[in-house]
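Dumping the structure here so I can ask a few things about it.
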Amino acid sequence: MSNPVTDNAKTVLPNGNGNGHEEGLIWPEPQPLRRELPPPDPYHIEALGSTLAHPAIKTHEVIQSPEAICGQSFLATATLAVQGFADLEIDGRVSPLSNNFITIAESGERKTATDTVALAPVSKRQKDLYIDYSNYIDDYEAEISAWKKAKEEALSKGNNKTREEKKKALMELGPEPKGPINPVLTVEEPTYEGLVKSLAVGWPSIGIFSDEGGRFLGGHGMNQENQLKTAAGISKFWDGSPITRIRVGDGSFVLYGRRVSLHLMVQPAVSNLLFGNSLLASQGFLSRLLPARPESTIGGREYKGISINETLELKKYFGTMMQILETQLPLAEGTQNELEPRKISMSAKAKNTWVSFNNYTERLCREDRELFSIRGLATKAAEHAARIAGVLSLVENINAIEISDSNIQSGITIVQFHLDEALRLFNSSADNPDLILAETLLAWARVQGKPIYPGLIYQFGPNAIRDKATAERIISLLVGHGWFRPIVGGAEVDGKKRRVAYEVRE
């Protein structure tokens, strides 16, 4: 009986020189690691309401990125704009309106162009705030220098003041002047520590937005050493929990009233590193992400000579969002950047609709029912829907104190799309967990940019594949499917001769 793994490994081209490259082992025809994804359900872009749906549809028409990318970008931007103004209250339980989104699409799907359009009001507001910050910083530095000089004089030993006199002088001097708030509204690839420091001294409502989410997922903040800490931190932001920091050298502090939302745009290979990560799944990070992986529009896009920002839909959107962004955030008394959002609840009719959806999805999470395989996300589906409904309500009226039934129904419609997407992505590889590990290892190996050898995987590879038995099994699977190719005679990698090494198919 033929063995596709060993048979492929022994196939040599005529006149091969044995070096394992182009003239060594040939590449077998690659086999897909997953079953082909069924097509997604349509993204119900009209559920976003006219303020967001009209510019999202126009962006889809002009830029021609998939509707789901447009919907995700505009809803994520709206979340960032309004999350600091109100919290969701349901029967005494309070949650932020923050949302986390992940959009999966190949390079060339115009993710960056879409995000640039959606985030244009945020970019403008951040620039305006930074101009004000720059103008004030010189005054502040002069003020703090004068204060420090006055403090030095008040405590000077040469003036023969008593302890009580010095205390009185300090009381008269007053507290140290506070510096201006650093106006960072969006970040691309922060570490958890950097994010916390920014929230401590900067804008209290920010968004992690990356049109190349691989930089965030592959960056320092999400490497093997920091992954759990960063994921747990982002999960706490989603929950609205106070942020506690206790570090030698940094001092200790607790931050209240901060809000963080997230939108990552990633390529499929990068998303596999995320969704194939059992640590992040068990921690709860993945259940707080709303996924979308639309079908490609590449190949059917003819150029349209329209200035998207000059269209009526985008002008109206820009004006509405700027109004919201320029509205004073509600702050706790005596603070510069501690949010004190009001509470927003559901109308009686909206509450009935929401309770029915909550009970419906809960029943489907039983072991023998449709949502069991994605129960982490499904058990939070009702809360996701209520948060989205709250965002839509504040986009309509930033002073809203109630969520209407129509907005709850819109939130449910959007979340049902995400549940279907999560099921689709999960079921594409549910028949073989090793295929998820193989995709994870392949994505990791491609990033390395060099031949792969077992020791490298044991030491630096994805967490779930670092033991020898698992690594050998997954390597064999990738060789058999035509994605890894053994290098005859080994290879020199990282300054050493590696007896066993593999090329990685791009």
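The values are calculated or read from the model by the stated rules, or taken from the named source; none is laboratory data. Computed from a prediction, not measured in an experiment: that's the story for all the values here. Because the Cβ atoms are built from the backbone with ideal geometry, glycine has one as well, and the counts that use them run over all protein chains shown. Ligands, DNA and RNA are stripped out before the accessible areas are found, and what is left, the full protein with its side chains, is counted by its heavy atoms. Shrake-Rupley method; radii C 1.70, N 1.55, O 1.52, S 1.80 Å.
Quick check: the angle from helix 381-396's long axis to the longest principal axis of the chain, C-alpha only, nearest 10 degrees?
Between the helix axis and the principal axis of the chain, the angle is about 50 degrees.
Right, something else. Along segment 446-461, what does the Karplus equation 6.51 cos²θ - 1.76 cosθ + 1.60 (θ = phi - 60°) give for ³J(HN,Hα), rounded to whole Hz, x for Gly and Pro?
With the stated coefficients, segment 446-461 comes to 5, 5, 5, x, 7, x, 9, 10, x, x, 5, 5, 4, 8, 10, x Hz.
Still on this structure: Along the charge dipole of the chain, Cβ charges K/R +1 and D/E -1, which of VAL488, ILE388, LEU52 sits furthest on the positive end?
Positive-most Cα among the choices belongs to VAL488.
Report the Cα centroid-to-centroid distance between segment 441-463 and segment 108-125 in angstrom, as an integer.
Each part's Cα centre sits 33 Å from the other's.
Once you charge only the Cβ atoms, +1 for Lys and Arg and -1 for Asp and Glu, what is the size of the charge dipole of the chain about its Cα centre, to the nearest 20 debye?
Numbers: 56 positive and 62 negative charges, 256 e Å.
Using only the charged Cβ atoms, the result is roughly 1220 debye.
Next question, about the same structure. If each of ARG505 and SER50 carries a label point 7 Å out from its Cα toward its Cβ, how far apart are those two points in nm?
5.3
Turning to a different aspect of this structure: For segment 48-64, in order, what is each residue's ³J(HN,Hα) by Karplus, 6.51 cos²θ - 1.76 cosθ + 1.60 with θ = phi - 60°, in whole Hz (x at glycine and Pro)?
Running phi through 6.51 cos²θ - 1.76 cosθ + 1.60 with θ = phi - 60° gives 6, x, 4, 4, 9, 5, 4, x, 5, 5, 5, 5, 4, 5, 8, 6, 6 Hz.
Relative to the longest principal axis of the chain, what angle (0 to 90°, nearest 10) does the C-alpha long axis of helix 192-201 take?
The angle comes out at about 20 degrees.
5 Å is the cut-off here: which amide hydrogens, built 1.01 Å from N in the peptide plane, fall below it relative to GLY49, excluding neighbours closer than 5 in sequence?
HN-HN under 5 Å from GLY49: empty list.
So what's the gap between the Cα centers of segment 370-403 and segment 26-80, to the nearest angstrom?
19
If you roll a 1.4 Å probe over the heavy atoms of the protein chains, what accessible area per residue do you get for segment 361-501, in Å²? Before the final figure, lay out each step's value.
Working: 5950 Å² over 141 residues.
That works out to 42 Å² per residue.
Also: May I ask for the distance between the Cα centers of segment 187-206 and segment 334-352, given as a whole number of Å?
Answer, in whole Å: 23.
Loop only per DSSP, at most 11 neighbouring Cβ atoms within 10 Å: give me the GluC sites (Glu not before Pro) in segment 342-406, ordered by residue number. Walk me through the intermediate numbers first.
Values: sites: GLU362, GLU367, GLU370, GLU383, GLU396, GLU402; in loops: GLU367, GLU370.
For GluC sites (Glu not before Pro) across segment 342-406 that sit outside H, G, I, E and B with at most 11 neighbouring Cβ atoms in 10 Å, the list reads GLU367.
Would you please give the FRET efficiency between THR327 and VAL254, computed as 1/(1 + (r/R0)^6) with r the Cβ-Cβ distance and R0 = 41 Å, to the nearest 0.05? List each step's numbers first, then the result.
Numbers: r = 27 Å, r/R0 = 0.66.
The calculated FRET efficiency here is 0.90.
What are the residues whose amide H is under 5 Å from the amide H of LEU290, where those residues sit 5 or more places off or on another chain and H is modelled from the backbone?
Amide H neighbours of LEU290: ASN100, PHE101, ILE102.
Taking H placed 1.01 Å from N in the peptide plane, check which residues at least 5 places from ILE403 or on another chain put their amide H under 5 Å from its amide H.
Those qualifying (amide H under 5 Å, at least 5 residues apart or on another chain) are SER345, MET346, SER347.
Keeping the other protein chains in place, figure out the carbon and sulfur percent of the accessible area of the chain, with a 1.4 Å probe. If you can, show how the numbers build up before the last one.
On the way: 12300 of 24400 Å².
Within the chain, the accessible surface is 50 percent carbon and sulfur.
Given DSSP loops and a limit of at most 16 other Cβ atoms within 10 Å, what is the longest stretch of the chain that contains no such chymotrypsin sites (Phe, Trp or Tyr not before Pro)? Can you show the working numbers first?
Values: sites that count: TYR256, TYR303.
Within the chain, the longest run free of exposed chymotrypsin sites (Phe, Trp or Tyr not before Pro) spans 1-255.
Going through segment 102-153, which GluC sites (Glu not before Pro) have at most 12 other Cβ atoms within 10 Å and a DSSP loop state?
Passing sites in segment 102-153 are GLU106.
Something else about it: Could you provide, to the nearest whole Å², the per residue accessible area of segment 54-208 with probe 1.4 Å? Can you show the working numbers first?
Working: 7100 Å² over 155 residues.
Accessible area per residue: 46 Å².
Enumerate by residue number the trypsin sites (Lys or Arg not before Pro) in segment 461-506 meeting two conditions: DSSP loop (anything except H, G, I, E, B), and at most 11 other Cβ atoms within 10 Å of the site's Cβ.
Numbers: sites: ARG466, LYS468, ARG473, LYS496, LYS497, ARG498, ARG499, ARG505; in loops: ARG466, ARG499, ARG505.
Here the trypsin sites (Lys or Arg not before Pro) that fit, given the DSSP loop and packing criteria, are ARG499.
Going by alpha carbons, how many degrees (0 to 90, nearest 10) lie between the helix axis of 67-82 and the longest principal axis of the chain?
On a 0 to 90 degree scale, this one is about 20.
Let me test this: with uniform point scatterers at the alpha carbons of segment 450-506, what is the Debye-based log₁₀ I(q)/I(0) at q = 0.28 1/Å?
-1.25
Once fully extended, how much extra length lies between LYS149 and LYS161, figured as 0.36 nm per residue of separation less the alpha-carbon to alpha-carbon distance? It would help to have the intermediate numbers written out before the result.
Values: separation 12, 0.36 × 12 = 4.32 nm, distance 1.67 nm.
So the chain would gain 2.6 nm between LYS149 and LYS161.
Please state the relative contact order of segment 285-435 as a whole percent: Cα pairs under 8 Å, 6+ residues apart?
Values: 131 pairs, mean separation 41.4, N = 151.
It comes to 27 percent, rounded to a whole number.
Another question, then. So if we plug the beta-carbon distance of GLU36 and LYS315 into 1/(1 + (r/R0)^6) with R0 = 56 Å, what FRET efficiency do we get, rounded to 0.05?
Numbers: r = 42 Å, r/R0 = 0.74.
It comes to 0.85.
Within the set of other residues whose C-beta is less than 13 Å from the C-beta of VAL493, count the net charge using Lys and Arg as +1 and Asp and Glu as -1. Before the final figure, lay out the partial values.
On the way: positive: LYS450, LYS496, LYS497, ARG498, ARG499; negative: GLU492, ASP494, GLU503.
For residues surrounding VAL493, the net value is +2.
What is the calculated FRET efficiency for ILE298 to THR413, with r their C-beta to C-beta distance and R₀ = 25 Å, to the nearest 0.05? Show your work: numbers first, answer last.
Numbers: r = 27 Å, r/R0 = 1.09.
It comes out at approximately 0.35.
Separate question: Which pairs, out of LYS468/LYS497; LYS315/LYS380; LYS236/LYS351; LYS148/LYS197; LYS124/LYS178; LYS58/LYS127, put more than 29 Å between their alpha-carbon atoms?
Details: LYS468/LYS497 20 Å; LYS315/LYS380 35 Å; LYS236/LYS351 26 Å; LYS148/LYS197 24 Å; LYS124/LYS178 25 Å; LYS58/LYS127 25 Å.
The answer is LYS315/LYS380.
Right, next: Rounded to whole Å and sorted largest first, list the principal axis extents of the Cα atoms in the chain.
Projected onto its principal axes, the Cα set of the chain covers 94, 65, 52 Å.
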